[in-house]
Each structure stands twice: as C-alpha cells, then as structure tokens.
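Take a look at the structure set out below.
The values are calculated or read from the model by the stated rules, or taken from the named source; none is laboratory data. Note that this is a predicted model, so its numbers are computed, not measured. Heads up, the Cβs are rebuilt from the backbone with ideal geometry, glycines too, and the neighbour counts pull from every protein chain shown. The accessibility values were calculated without ligands, DNA or RNA, using every heavy atom of the protein model including side chains. Shrake-Rupley method; radii C 1.70, N 1.55, O 1.52, S 1.80 Å.
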Amino acid sequence: MTKKIFKSIMVVAGAVLIASLVIIMGCLYSYFSNVQGKQLEDELSLAAIAVEKDGRNYLEELQSREYRLTWIAENGDVIYDTQSDGESMENHADREEIQEALRNKEGKSSRYSTTLFVVTLILSGVLASRISKHIMEPLNRLDLEKPLENDTYEELAPLLNRINKQHKQIDMQLSELQRKNDEFAQITYGMTEGLVLLNEKNIILNINPAALKLFHTKRSSIGKDFLTVERSHNVSHAIQDAFSSGHSEIRIEREGKEYQIHVNRIESNGIVIGAVVLAFDITEAAFAERNRREFTANVSHELKTPLQSIMGSAELMENGLVKSEDMTRFVGHIRTEAGRLVTLIDDIIRLSQLDEGCDMPFENVDLCEIASEVMAGLADIAAAKDIEVALTGKKVYIKSVRRLLTEIIFNLCDNAIKYNKNGGTVEVAISSQENSASITVKDSGIGIPPEHQARIFERFYRVDKSRSKESGGTGLGLSIVKHAVQYLNGKIELQSSLGQGTVIQIIFQQDKSDVVQFS
C-alpha cells in the first residue's frame, strides 16, 4: 500500500509540475522574459563599458549573486568568470549567442536548466516517500485482532467495524468446528470398528485407535499415503474401486481374526474429495455362521444315522425277514436307536435354550448335593467298567441355576467315565474361595491330544468318532457344558495329557454374600 501511495503522490506532483510549467510558459513567460531581457541588456551594456574601461579589475571587484558575468575571447576561450575558474571552463565558441555576438556585436539565447528539473523530481520523490510513510504509519500499527480499539483515521471506522464482525463470525465458526471435531474424535476413539479417512489423493486425514491396531501403525501415519500403512493388494484395489464406483467391500484375515472392510467414496458438490474406510471385526459372527452351517449338517447326519437304522430294522420286520428268535434283538435295537434320537433332540433343545438366553430361575444351591445326586445316577455305568468314583469337599452354597449345574456335572462325569480305562478313577472336588466356587472333575482316562483340546467344546466335535458312537455319545455334551458355564458367567480350565487323564475345572465368580461354605 505504501508503494501505491508513493506512486499516487508522484503522479500528482508530476501533474502539478507540468501544469505549472504550462501556465508559466504559456501565460507569464513572455511578459517576464521581455522584462528580464531588457534588464539584462541594460546591465550588460553597463558591464561592457566597465570592462572596456577597467578590464579584469572590474570583474574581480564585482560581487553579485543574481547575475553571472563571463568574459570570452574572440576564439571562444573564457578569460574570466565571476562564479567559476575561467581557465578550467570549456571553449564557448560553439554557443549560439557567442557566434551571433561575433557577427552582429550582440547576441542572445534562452536555455532551460535540465539539472533544476531533475532536482525538482528528486525532491518530489523524497517528499512523496516521507508523506506516504507518514500516511501508512497509523495503518501499520493497526491491531486487527482488536479492530475497535485502534486510534486511527475516521475514514477507516467502517472497515474496522466490518473486520470486527468478521472476527466474531470466524470465532463462532471455529468454535463450532472445534466442537464437531471433538465430538468426532470422541465418537471414533470409542469405536470398536476401525475408521480411516482419506483425501482424494489417498492421504490419511484421520485414523482411530481400532484402525491403528488393525493396520499396525501409529498416529504419525496421518498425512502419509495409505499405501505406506497397508500394502495389501486387495485393500488397495477396494479403495480404488470405491473411488471409481462409490462403494466396495472385502473380507480380510489378520492374526486369526476376520474383518469386513467397507470403503465409501465422499463427494462434495459432485467432486470427489476422499473416502472413508470402515473395518468391522466379524470373527464371532463368521465363527457363528460357520457353526450354524456345521451344526445343520451335523444334526442332519446325526439324526439320519439312527433313523436309517430304525427304518432298516422295521423294514426287515415288516417284510417277515426277521426270525422269531431274533425279533427281541431287533426290537431292542430299534428302542436303543430311538433313545439315541430322543437324547440328541433333548441336547439340541438345551443348546437352543442356552443360545437364546432363556430366563432361568436362580436359587441358592448346594454344589456337593448336586454332585452327589449326579454320581449316584451314574453309579451303574461306572460299576460296569469297574471305575471308582469319589466326591471330596464340603458343602458349598452358591446362587445359580440348579438345572444347569446338574447338566454341567453330569456331562463332565459321564465323559470321565465313558472315556476312562477299565478299573480307572474319577474324582470330583468341590471347593470355594472368598468370592468364587469351583467344581473339578479329574479322571485317569485316555486323555486328549493337544491338537484337539481347543475344539472339544465345539458342537458334534469328537476326538475319536468311532469310540464316541460306541459309547452312545451325541457329541453335544461338552458343548452344553460350555454354553451353560457361559450362561452362569463362569469359566472353564482344561489340563490333559494323552494316556494320563484329564482335569476340567469350572470356576464361578460370585459376590462374597452369594458363596456360603459349611464345614
């Protein structure tokens, strides 16, 4: 702005100077030049007479600041000058007035001073520079953060008022933007889903903690290309598809978990400005989906096998192909397979109830009493294999569901007997701590290989399928135990060595007031 003011002043000064010259040259120059010319002629005549009479002495004694007298020889050399050293001055023979005087005894000419004109312009520039700085000084001192507190030109008041209003509007907009940014940060920070915001050049604008963990990166990745964080071809291809088509989704596996990734394009006024990447952990859902498919296939298979056996025996009996002495055996076979069906259906119903989370009555129950009842019911099966069953511990009362506790202990003990060695042992121990109670079932059976231990609680999973079928198991016992323990907010611990037996402990966390132990 200082330059503009300087240029404006210079333009004005130049215009004034030119106008002054025009006025002076056009109106006053002729009059004053004639008056001054006459005066110069008269004074020059007097000076000429004096020089002719006294010569150099006259000129040396002459003192005048208004006029300059120069004595010039016929050849143009300067003999004397009242204001300069004549010997150092250039020859004047080529000057118009000298040549005219030599011809006509008198000569004259008029010349403009270029030096004076230049000095005038320089002076105008200096003044213009100082004036412009003086004008700009109050403007340079303006405090635009507090526009209404400035003491400056009145003409700037409307501008400062407008700046003040704009400041208020900007402050309000910044506050609103900060509030929304804080809300967005709090929402995304607590999300279990991974969220990444990208601009149109694939640069990371924001990334929440879940996404940092998923893509194994840090907050310092903000501002970098997403390819530096995730180099998977499938993910990169999904992002490019979203930029072109608007949406894409893929599934990826990371560290034993499965994720569903959705990518959506972001537009503003029809222009693509970025994309949002949202990653869902679908491990449990995918596991449940696979379990449902496997469960359906297994149920169909488990139901089909005894039904086919029943139908085969019935068909033989219907067609009279069974001898009378074998009739009892065939009827017994049909009853056994029908019993297997009923047991399987009962187990399936129990699992369905546990899956659906049906409300069951909680009451104070004695773990020792339930274990004793279960073991009494399994006494014949244990005796058939010469297995010794022992119960240790004191009476422990907890607040729980009697029916589920019975099924837990029954299935654990039933498996401990079925998969034990002849003449083996099964030990059931009941114990309690200040805020927990536990049921431990230990057997001396065949044990569980390490590679199967993580899966034995899955539905229809059998370590030895042929032996399981012979023992009459449905493959759902331990799955029922797992779901029942989860329903009761307990946990299962398993220790097993192949050929050396198995120990399964069920622990229930309880409030101190809910666990009562009697000696």
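Would you confirm whether any residue within region 187-206 is farther than 27 Å from VAL272 by Cα and touching a residue at least 40 places away in the same chain (Cβ under 8 Å)?
yes
If I ask for residues that are in contact with a helix residue (DSSP H, G or I) (Cβ under 9 Å, 6 or more places away or on another chain) and more than 13 Å from VAL426 (Cβ to Cβ), which ones from region 367-383 would you list? Before you say what the answer is, go through the steps one by one.
Going through region 367-383, the residues in contact with a helix residue (DSSP H, G or I) (Cβ under 9 Å, 6 or more places away or on another chain) turn out to be 367, 370-371, 373-375, 377-378, 381-382.
Passing the criteria: LEU367, ILE370, GLU373, GLY377.
Just checking, does region 183-199 include any residue being within 22 Å of GLU145 (Cβ to Cβ) and of a type in the set (Ser, Thr, Tyr)?
No, region 183-199 contains no residue that is within 22 Å of GLU145 (Cβ to Cβ) and of a type in the set (Ser, Thr, Tyr).
So which pairs qualify, if the first residue must be in region 160-174 and free of Cβ contacts under 8 Å to residues at least 60 places away in the same chain, the second must be open to solvent by 100 Å² or more (accessible area, probe 1.4 Å), the Cβ gap must be under 6 Å, and the two must be at least 6 apart or on different chains?
Hits for this filter: ASN164/LEU148.
List pairs: first residue in region 234-261 and touching a residue at least 12 places away in the same chain (Cβ under 8 Å), second residue among the basic types (Lys, Arg) and surrounded by fewer than 14 Cβ atoms within 10 Å (Cβ to Cβ) anywhere in the structure, Cβ distance under 8 angstrom, at least six positions apart or on different chains.
GLU258/ARG251; TYR259/ARG251; GLN260/ARG251; ILE261/ARG251
Are any residues in region 260-294 at pLDDT below 75 and open to solvent by less than 40 Å² (accessible area, probe 1.4 Å), and if so, which ones?
ALA288 - this is the single residue of region 260-294 that is at pLDDT below 75 and open to solvent by less than 40 Å² (accessible area, probe 1.4 Å).
What single numbered condition from (1) among the β-branched types (Val, Ile, Thr); (2) open to solvent by 60 Å² or more (accessible area, probe 1.4 Å); (3) at pLDDT 70 or above fails to hold for VAL78?
VAL78 satisfies all of (1) among the β-branched types (Val, Ile, Thr); (2) open to solvent by 60 Å² or more (accessible area, probe 1.4 Å); (3) at pLDDT 70 or above except (2).
Which condition number does ARG251 fail, the rest of (1) of a type in the set (D, E, K, R); (2) part of a strand (DSSP E or B); (3) open to solvent by less than 70 Å² (accessible area, probe 1.4 Å) being met?
With (1) of a type in the set (D, E, K, R); (2) part of a strand (DSSP E or B); (3) open to solvent by less than 70 Å² (accessible area, probe 1.4 Å) applied to ARG251, the lone miss is (3).
Does LEU160 qualify as being in contact with a Ser or Thr (Cβ under 9 Å, 6 or more places away or on another chain), aliphatic (A, V, I, L, M) and part of a helix (DSSP H, G or I)?
yes
Which residue is nearest to SER479 (Cα to Cα), if the candidates are limited to region 319-344 and must be open to solvent by 80 Å² or more (accessible area, probe 1.4 Å) and in a helix (DSSP H, G or I)?
Checking each candidate, the answer is VAL342.
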